[in-house]
Amino acid sequence: MEQKGFKVAVVGATGAVGNLMVKVLEERAFPVSELKLLASARSVGKTLGFRGSQIAVEELVEGSFEGMQLALFSAGGSISKKFAPIAARAGAVVIDNSNAWRMDPQVPLVVPEVNPEAALTHSGIIANPNCSTIQMVVALKPIYDAVGIRRIVVTTFQAVSGTGKRAIEELRTQVSDIINGRETAPKIYPHQIAFNCFPHIGPFLENGFSEEEMKMANETRKIFGDAQIKVCATTVRIPVIYGHSESINIETEKPISAEQTRKLLEAAPGVKVIDDPKCAAYPVPLDAAGTDDTFVGRIRTDPSAENGLAMWVVADNIRKGAATNAIQIAEILMNRGRL
């Protein structure tokens, strides 16, 4: 039986993630009968390609969602706070990529490989987790299910695309300036990003952690449904365009060897293991860019901690870390007859 098409709105369609949401809808052959592209007034008149046609961008207004069944949001927290409830009241299921709803106890926070059933508990809005959280929990879920996890220590190495198009342009401009002997200055970031890195993603909080670091801790506990997991994150911006990398160290409840962990991950959905370091085979951002898998390598026992494991995890932050994860959530709803 042929799958019916759905009326889909993409909010923030001209941004890096919104643009990619449109592309991923096409790539995954999501059944769309009508696609509405929404953005601010300054984007009206632009067009985006979808299945061989050019679709004009419309201004986001309160009446934009009439008749829509699915609304994919990637336009920032303030826009989501205002317009997501409007879209839900109009009858659309909202999948939101901002931080606006992630920790709301009434809103499920979903990674399809980890907690797909949570998507079915929504009341109109579903939250997409932070990009760094997504790839970490995809890699850790099989281990959590097998032997439990007591503690996670993670350091991220995050690409500039996580900040958006202007940050990508800033990196490219700075690299060009420096190699051509011109002076350069940061505009988007607090420091020069070209040939540099800094442990500063989001504002710093009273506890000394950044907002991004606390997102990873709080979101991980919510996704796993386990308030007892201890999480310590350090988030670092690096001069890479696409692909976040993470150094993850965990302490498990029960012992598990590196080889057992490798086999678990090789069988896990959405995970690709690349782990032969003697042959320089391990995940790197350039290989992950443009893909939807979460790549894991450098899996090893940590002898400094009881039941300790260490690993290296890489994923495309605007695909699996944002756009693809949102479309996968929509596919769950569609396949369960909930869209």
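Would you work out if the stretch 67-178 is rounded, prolate or oblate? Take a ≥ b ≥ c from the square roots of the eigenvalues of the alpha-carbon gyration tensor; rounded if a/c is under 1.5, else prolate when a/b is larger than b/c, oblate otherwise.
oblate
Take the Cβ-Cβ distance between Asp145 and Arg89 as r, set R0 to 51 Å, and report the resulting FRET efficiency rounded to the nearest 0.05.
0.85
Placing +1 at every Lys and Arg Cβ and -1 at every Asp and Glu Cβ, with all other atoms neutral, what dipole size does the chain have around its Cα centre, in debye to the nearest 20? Intermediate results must be reported in sequence, preceding the final value.
On the way: 36 positive and 37 negative charges, 74 e Å.
Computed charge dipole of the chain: roughly 360 debye.
Expressed as a rounded percentage, what relative contact order does the stretch 226-339 have, with Cα pairs under 8 Å and six or more residues apart?
Relative contact order here is 29 percent.
Mind checking the dipole of the stretch 211-326: about its Cα centre, +1 per Lys or Arg Cβ, -1 per Asp or Glu Cβ, Debye to the nearest 20?
Charge dipole, the stretch 211-326, about its Cα centre: 60 debye, nearest 20.
Fully extended, how many nm does the chain gain between Ala41 and Leu205 (0.36 nm per residue separation, minus their Cα-Cα distance)?
Contour length minus Cα-Cα distance gives 55.7 nm.
How many nm separate the modelled label positions at Ala227 and Lys4, each set 7 Å beyond the Cα in the direction of the Cβ?
If labels sit at Ala227 and Lys4, their model points lie 4.1 nm apart.
Please list, in order along the stretch 20-36, the HN-Hα scalar couplings obtained from phi with the Karplus expression 6.51 cos²θ - 1.76 cosθ + 1.60 (θ = phi - 60°), rounded to whole Hz, x for Gly and Pro.
With coefficients 6.51, -1.76 and 1.60, one gets 5, 4, 4, 5, 5, 4, 6, 4, 8, 6, 5, x, 10, 8, 8, 10, 10 Hz.
Under a 5 Å amide H to amide H cut-off, with H placed in plane at 1.01 Å, what residues pair with Asp302 once short-range neighbours are removed?
Gly308, Leu309, Ala310
Residues with amide H under 5 Å of Val231's amide H, sequence separation 5 or more or different chain, H placed in the peptide plane at 1.01 Å from N; which?
Sorted by chain and number, the residues that satisfy this are Ile152.
For the chain, what's the relative contact order in percent, using C-alpha pairs closer than 8 Å and at least 6 residues apart?
Here the relative contact order equals 18 percent.
May I ask which residue of Met334, Pro285, Thr220 lies farthest towards the positive end of the charge dipole of the stretch 192-339, with charges of +1 (Lys, Arg) and -1 (Asp, Glu) on Cβ and the Cα centre as origin?
Result: Met334, furthest along the dipole toward the positive end.
Take the chain, drop everything but the C-alpha atoms, weight them equally and run the Debye formula without solvent; then report log10 I(q)/I(0) at 0.07, 0.11 Å⁻¹ to two decimals.
The calculated log intensity ratios at q = 0.07, 0.11 Å⁻¹ are -0.29, -0.73.
Kirkwood Rh over Cα pairs of the stretch 265-339 into Stokes-Einstein at 25 °C, 0.890 mPa s: D in µm²/s?
Numbers: Rh = 14.0 Å.
After rounding, the answer is 175 µm²/s.
What is the antiparallel percent of DSSP beta bridges lying wholly in the stretch 1-113, to the nearest 5?
Bridges in the stretch 1-113 that DSSP calls antiparallel: roughly 20 percent.
Rule-based calculations on the coordinates, nothing more; no lab input. Not measured: the values here are computed from a predicted model. Reconstructed Cβ throughout: ideal geometry from the backbone, glycine too, with neighbour counts over all protein chains shown.
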